[in-house]
Structure formats: structure tokens, C-alpha cells
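Here, each number is a calculation from the coordinates, and none is a lab measurement. Keep in mind that what you see is a predicted model, and the values were worked out from it rather than measured. Cβ placement follows ideal geometry from the backbone for every residue including glycine, while neighbour counts extend to all protein chains displayed.
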Amino acid sequence: MSQENTKRTTLAVLIDADNVQPSITEGLLAEIAKYGTASVKRIYGDWTTPNLGGWKAYLNEHAIQPIQQFRYTTGKNATDSAMIIDAMDLLYTHRFDGFCLVSSDSDFTRLASRIREEGLLVLGFGEKKTPKPFVAACDRFIYTEVLVGQNEPDEAGKHRPQRNLKGDARLVNLFRNAIDAASDDGGWAHLGAVGSQIANQSPDFDPRNYGYKKLGELAAAIDLFDIDVRTSSDGRSRTIFIRDGRRKA
């Protein structure tokens with residue numbers, strides 16, 4: 001999704017403080033800004049407990065509103081219920097184009113599905129341990145590990161995980177299916193269209209999960225696809241196209 005099309009998108013950001021680390025805050029808000037404007041930023045938890053103390057330094061700095069929810073019964077997550085109720089109240093105001101649900105808890109699966117039923121964008125954020133049903137219920141799901149730089153490559157690429165990308169059947173098939181869906185008669189597909197197709201297939205797909213900042217870098221690293229960088233006639237812009245390397249010219 002391009003920034004040009006999303007600058008005015010109004011988003012409600014709802015954070016489950018019990019299931020998110022405060023260290024992701026800056027990366028989280030920067031990521032959300034790529035999709036639109038966070039008009040509402042709320043974080044839910046029992047702020048009388050010491051385990052949420054780490055969040056307090058971030059709340060004022062980033063204008064995140066803490067919502068107090070006491071734990072009435074041990075073992076029952078009242079925070080989830082409060083967050084879900086607020087989300088539905090905000091949904092029915094019809095003031096938002098999308099919601100950002102920040103949690104690794106599968107309890108928000110039905111909430112994500114319900115919001116999407118209204119035709120709104122749902123962005124999920126959680127750790128890699130997040131149950132797959134919640135991931136699949138979102139339009140996009142970003143793993144919070146990449147927001148704190150754990151998988152970000154440095155300039156020399158030293159922090160990229162060593163893996164055989166060619167041998168990753170799921171990854172290769174995601175690319176091949178997306179290229180097939182977006183390609184012209186010659187087999188070439190615009191890289192941006194390929195990225196959109198992959199996101200439709202797999203909400204949690206992100207080049208950063210593989211140690212690359214950009215989709216084109218990841219595609220080139222797989223080393224199974226032809227890459228064609230085309231420069232406009234005026235030389236001011238470049239467009240990247242990709243083709244399955246098995247296709248003959």
C-alpha cells in the first residue's frame with residue numbers, strides 16, 4: 001500500500017499492554033504512520049500493577065491514552081474485554097478507515113474479523129508466537145520483532161539470518177503465485193503489484209522477517225527470479241519488474 005494513497009487514512013490504535021513490550025513503541029508508531037494517521041491511541045491494562053511500569057515513560061511522549069482496567073478475577077483477562085468493547089464503540093462511530101490491534105492474544109481474532117466485515121482495514125501487530133487464526137483475520141500482520149531492529153540488516157548485511165531462500169518452498173511459491181497473478185503476456189509483473197498479491201495470500205508476509213528491508217532485495221536474494229529495472233524516458237523514475245526465472249524469453 002503506497003503512502004500516497006494512505007496519508008489521510010484515519011486509524012484507531014488499540015494496544016494490549018499485557019501482551020506487548022514497551023520497547024516496540026517508536027517502531028510501532030512509525031510503522032502505523034506508513035498506513036495512515038493514528039487519530040486514537042489507547043493502551044489497556046491494570047496500571048496499578050508493577051509489571052506495566054515500563055510503559056509509563058512512553059505514554060506521555062507518544063500521546064498514548066492509558067485505559068485502566070482492574071483485574072477482577074485471577075485468570076480472567078478483563079483487559080481484552082475492555083479493549084474489544086472500546087473497539088466496537090469506535091467502529092460504530094464510523095469515523096475510522098481502519099484499526100490497529102496490537103497484541104499477541106488470539107482472543108482478538110473475532111474482533112479483527114468483525115471489523116473487516118464492515119469493510120475497514122485491520123492491521124495486526126504481535127510477536128511471532130501469535131496464533132495463526134488472529135494473523136489470518138487481519139489484512140496485514142506485522143511481527144513486532146522487526147520493529148525493534150532484531151531482524152534489520154546493517155549496511156553490510158551482517159545481521160541477515162543465514163538461510164537457504166531457494167529451499168523455502170512457501171516463500172518461493174508466494175512469489176511465483178503472485179507473479180503469475182500480476183504478470184503481463186511476457187511474464188513480467190510490476191514489483192508493487194506482486195507485493196500486493198503476496199500480502200493478500202499471506203497477511204504476515206514481510207521482507208524484514210527474512211532480513212531484508214525491501215521486497216526487491218528479498219526477490220533478488222532468492223536468486224530464482226529475473227529482475228528488470230526500467231527507467232522512465234525522462235530519467236527521473238525507476239520501476240522494478242520481476243519474472244519467474246523458469247520462464248523463457
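Quick look at the numbers
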quantity	calculated
Cα centroid separation, the range 27-72 to the range 97-133 (Å)	17
For the range 13-118, alpha-carbon Rg over 2.2 N^0.38 Å	1.04
Helical contribution to [θ] at 222 nm, DSSP H n ≥ 4, -39,500 (n - 2.57), averaged over the chain, rounded to 500	-8500 deg cm²/dmol
Cβ-based charge dipole, the chain, positive-most Cα from G216, N51, V135	G216
Hydrodynamic radius (Kirkwood) for the range 186-249, which is based on Cα pairs only, to one decimal in Å	12.7
Projected label distance in nm at D234 and K166, using a 7 Å step from Cα toward the beta-carbon	4.2
Dipole magnitude of the chain about its Cα centre (Cβ charges: Lys, Arg +1; Asp, Glu -1), debye to nearest 20	380
Efficiency of FRET from Cβ geometry, A193 and R116, R₀ 22 Å, rounded to 0.05	0.50
Electrostatic dipole magnitude of the range 169-244 [Cβ: Lys, Arg +1; Asp, Glu -1; Cα centre; debye, to 20]	280
Across K166/K214; K128/K213; K41/K214, pairs whose alpha-carbon gap is larger than 25 Å	K41/K214
